[in-house]
Amino acid sequence: MKLLVCVSQTPDTTTKVKFSADNTAFDTNGVQYIMNPYDEWYALVRALELKEQLGGSVTLFHVGPKENETVIRKGLAIGADSAVRVDAVASSATFVAKQVAAYAKAENFDVVFMGKETIDYNGSEVPALTAELLDMPFISYANNLKMEGNSATLSREIEGGKETMEVDTPFVVSCAKDMAEQRIPNMRGIMMAKRKPINVIAAVAAEDLATIVRYDYPPEKTGVKLIDPENMDELVNLLHNEAKVI
Amino acid sequence: MAVLVYAESLTGSIKKSALEAVTYGKLAADALGTECIALTIGKADGAASLGQYGASKVYNVSTADNNFDSQVYAAVVADAAQKLGADTVVFSHSSTGKSLAGRVAIRLEAGLVTSVLTAPTNGFEVKKGVFSGKGFATYSISSANRVVTIAPNTFRPNASGSDATVETLDVAVPAGRVKVTGQATVDGVVPLPEAELVVSAGRGMKGPENWGMIEEMATILGATTACSRPVADIDWRPHHEHVGQTGVAIRPNLYIAVGISGAIQHLAGVNQSKVIVVINKDPEAPFFKAADYGVVGDLFDVVPRLNEALKKFKANN
Ligand SMILES: Cc1cc2nc3c(=O)[nH]c(=O)nc-3n(C[C@H](O)[C@H](O)[C@H](O)COP(=O)(O)OP(=O)(O)OC[C@H]3O[C@@H](n4cnc5c(N)ncnc54)[C@H](O)[C@@H]3O)c2cc1C
Ligand SMILES: Nc1ncnc2c1ncn2[C@@H]1O[C@H](COP(=O)(O)O)[C@@H](O)[C@H]1O
């Protein structure tokens, strides 16, 4: 199995979000980055499991500048064989998808793994864009994937339940919870990662069709109204008459 | 140039989220000075009713089946958009809509924004939540065609107009490569992403055997149950109930959190709820900072009392 795993990075989940004074940019000062949890915990680990079971290779793919290599190294330490980095700022989902497609087109990957979404911009865009550019079937929000020969059996999250399906390789899959169990890199993995290759390639031209023009903070909560724990009639009354939600 | 809304009907009838999508489509069409038309694929009972929510016409592609294959459906929607002269295509931000939006955007060379919260203004500027509810970003789409998915529980459908006529639309349906083998949904429960009322509990519950009172509250209210991540991880509750940054993100009208501390990753999935009620014995629990109403007390006393009060209220209303 020749497997590609696309990984993005995202601010650490506890990051305090700040914008520039004119509200046109995310203020990256002091922000710690992590690998997007869906990519690290689910997409990468399931790809590694398939490689262990069926043989083959796992290649990481990332669009981002050199400083993002920390995240790529972590993926290599968890067990990927090699990595490709497109040396460019990931300026939009369309831009990223075009990079993945341009690279993957000639490489004949059996499965292109992605995360279900990046938890900063919560886009859930790159996987479907990429699948269309590659003219491949796409299974989104998969929580189970089994391979037999070149055919796969999957299940995916749908509203209030799950759906199961079969598809032959090649295909694109975006991974959700339950796909695999998070792996923590060990010392040996970290040492070996230092010697694994990161192939840096130039970006193909691609236009951003949607761009951010402004950021805003959410409205401040006005403060919690505390209710006497003995008086739940009062809470019900407030929910009905004041908040009007029941 | 019309606004085309893909109205989901994978189970054979029009979904509630499709009514929201049409409601948005109408708002967008008004803002852009054009009309809103709806597209259904396969069996779609109730399609005519989309007229009541703002669709001036409803089209159905009857030659496609209800087994979802994003490749097939995207080809159908993109062809329909071209045939019907639509430059804006609207999807629900659902497992179906999210799988299609990107594909259709490529086919139409359209700019894409997902989970939008506002109708377009100023050319085509739309707002969405980013950084898990810690901010908003306004996107501008510069291309001639646009594709958006709309955030759930944001555009409340209000029936006003009359039914539309449903016309069959003739577009080529390519052969699919994904074979859907089964679909299992929990019957009679509103799925979490669509739920308007959610009752959720965390590790403060001490054990799965104590969940009876949470389920009772949900039954009284007609609410859907949810839980924090550790509770799903230790199998006190099923995984699909896990809300938060790595679980389901929800925006109900009312979120009642019982025995949940309010960690930032939990808040990330629920902080866009309209009204938040927190029940926790620790007055310092971070969740109170994000709450509208708070009860500081032992949940094992408070919840039964609240259930009694709710029952009394329901009996009189
Ligand atoms: C990358 C990452 C992603 C994560 N994603 C998620 C996510 O998606 N969703 C999520 O929920 N978590 C997530 N977490 C975990 C999160 O950080 C918290 O650990 C988790 O939300 C805590 O769950 P809890 O509030 O149920 O438990 P606890 O933190 O143990 O809180 C229990 C609460 O119950 C209260 N309590 C105890 N007994 C009683 C009583 N008798 N009466 C009233 N109150 C009582 C306590 O005061 C306490 O506040 C994530 C963590 C990481 C690192
Ligand atoms: N800069 C990037 N480089 C490589 N893969 C990416 C990048 N951004 C997003 N992806 C992939 O696309 C998935 C969904 O991202 P998004 O569409 O941004 O929510 C992620 O989980 C990654 O697998």
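The values are calculated or read from the model by the stated rules, or taken from the named source; none is laboratory data. Bear in mind the structure is a predicted one, so any value in this text is a computation, not a measurement. Note that we place each Cβ from the backbone using ideal geometry, even for glycine, and neighbour counts take in every protein chain shown.
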key: Among the residues listed as A:Glu159, A:Glu166, A:Glu132, the single one being charged (D, E, K, R) and either touching an Asp or Glu at 6+ places or on another chain (Cβ under 9 Å) or within 16 Å of ligand 1 (Cβ to nearest atom) (or both)   = A:Glu159
inquiry  = Going residue by residue through segment B:129-146, is there one that turns out to be part of a strand (DSSP E or B), at pLDDT 95 or above, within 22 Å of A:Glu117 (Cα to Cα) and polar (S, T, N, Q)?
reply    = yes
ask   = Where in segment A:1-105 are there strands (runs of 3 or more DSSP E), lying wholly inside it, with at least 3 residues that are within 11 Å of ligand 2 (Cβ to nearest atom) and more than 14 Å from chain B (Cβ to nearest Cβ)?
value = A:57-63, A:82-86
request  = Output the residue which, of all residues in segment B:153-192 that are within 9 Å of chain A (Cβ to nearest Cβ) and crowded, with 20+ Cβ neighbours inside 10 Å, is modelled with the highest pLDDT.
outcome  = B:Val178
ask   = Taking segment A:55-93 as the region of interest, how many residues are more than 17 Å from A:Ile201 (Cβ to Cβ), without any contact (Cβ under 8 Å) to a residue 60 or more places away in the chain and among the hydroxyl-bearing types (Ser, Thr, Tyr)?
value = 2
task = Report yes if B:Gly161 is within 16 Å of ligand 1 (Cβ to nearest atom) and either touching a residue at least 24 places away in the same chain (Cβ under 8 Å) or not aliphatic (A, V, I, L, M) (or both), otherwise no.
result = no
ask   = When only residues in segment B:1-53 that are of a type in the set (A, V, I, L, M) and surrounded by fewer than 22 Cβ atoms within 10 Å (Cβ to Cβ) count, which is modelled with the lowest pLDDT?
value = B:Met1
message = Condition (residue is of a type in the set (A, V, I, L, M), buried (at least 20 other Cβ atoms within 10 Å of the Cβ) and either within 21 Å of A:Ser155 (Cα to Cα) or within 15 Å of ligand 1 (Cβ to nearest atom) (or both)) applied to segment A:51-64: is it met by at least one residue?
response = no
Test: B:Gly111 is within 7 Å of chain A (Cβ to nearest Cβ), crowded, with 22+ Cβ neighbours inside 10 Å and under 15 Å from B:Ala28 (Cβ atoms) = yes
query = Restricted to segment B:246-267, and to residues that are within 16 Å of the chain's Cα centre (by Cα) and within 11 Å of chain A (Cβ to nearest Cβ), which residue is nearest to B:Val303 (Cα to Cα)?
reply = B:Tyr255
query = Among the residues of segment A:107-114, is there at least one that is surrounded by 21 or more Cβ atoms within 10 Å (Cβ to Cβ), more than 14 Å from chain B (Cβ to nearest Cβ) and among the aromatic types (Phe, Trp, Tyr)?
reply = yes
key: Some residue of segment A:211-218 being within 23 Å of the chain's Cα centre (by Cα) and more than 7 Å from every other protein chain (Cβ to nearest Cβ)   = no
message = Among the numbered criteria (1) modelled with pLDDT of 95 or more; (2) of a type outside the set (S, T, N, Q); (3) surrounded by 13 or more Cβ atoms within 10 Å (Cβ to Cβ), which one does A:Ala202 miss?
response = (3)
Answer residue from segment B:233-266, given it is modelled with pLDDT of 95 or more and among the small types (Gly, Ala, Ser) and is farthest from ligand 2 (Cβ to nearest atom) among those = B:Gly259
task = Take segment B:271-315 and flag every residue that is in contact (Cβ under 8 Å) with a residue 60 or more places away in the chain and within 15 Å of B:Gly259 (Cα to Cα).
result = B:Asn280, B:Lys281, B:Leu299, B:Phe300, B:Val303, B:Pro304, B:Leu306
query = Which one is nearest to the chain's Cα centre (by Cα) among residues in segment A:182-199 that are charged (D, E, K, R) and exposed (fewer than 13 other Cβ atoms within 10 Å of the Cβ)?
reply = A:Lys194
task = Kindly check whether there is at least one residue in segment B:244-251 that is more than 22 Å from B:Thr154 (Cβ to Cβ) and within 8 Å of ligand 1 (Cβ to nearest atom).
result = yes
message = Among the residues of segment A:106-117, what is the count of those that are more than 7 Å from ligand 2 (Cβ to nearest atom) and in a loop (DSSP other than H, G, I, E, B)?
response = 5
request  = Tell me which residues, restricted to segment A:1-25, are more than 30 Å from A:Phe109 (Cα to Cα) and either within 16 Å of ligand 1 (Cβ to nearest atom) or out of contact with any Asp or Glu (no Cβ under 8 Å at 6 or more places or on another chain) (or both).
outcome  = A:Asp12, A:Thr13, A:Thr14, A:Thr15, A:Lys16, A:Val17, A:Ala21, A:Asp22, A:Thr24, A:Ala25
key: strands (runs of 3 or more DSSP E) wholly inside segment A:118-180 containing at least 3 residues that are facing chain B (nearest Cβ under 8 Å)   = A:138-148, A:151-158, A:161-168
task = Identify all residues within segment B:54-71 that are surrounded by fewer than 20 Cβ atoms within 10 Å (Cβ to Cβ) and within 20 Å of B:Gln183 (Cβ to Cβ); write none if there are none.
result = B:Asp65, B:Asn66, B:Asn67
task = Test B:Ala226 against the stated conditions and say whether it is more than 25 Å from A:Leu238 (Cα to Cα), surrounded by 18 or more Cβ atoms within 10 Å (Cβ to Cβ) and assigned by TED's automatic domain parsing to the domain that holds B:Asp292.
result = no
remark   = Reported set for segment B:217-234 where residues are free of Cβ contacts under 8 Å to residues at least 12 places away in the same chain and over 19 Å from B:Gly269 (Cα atoms) is B:Thr219, B:Ile234
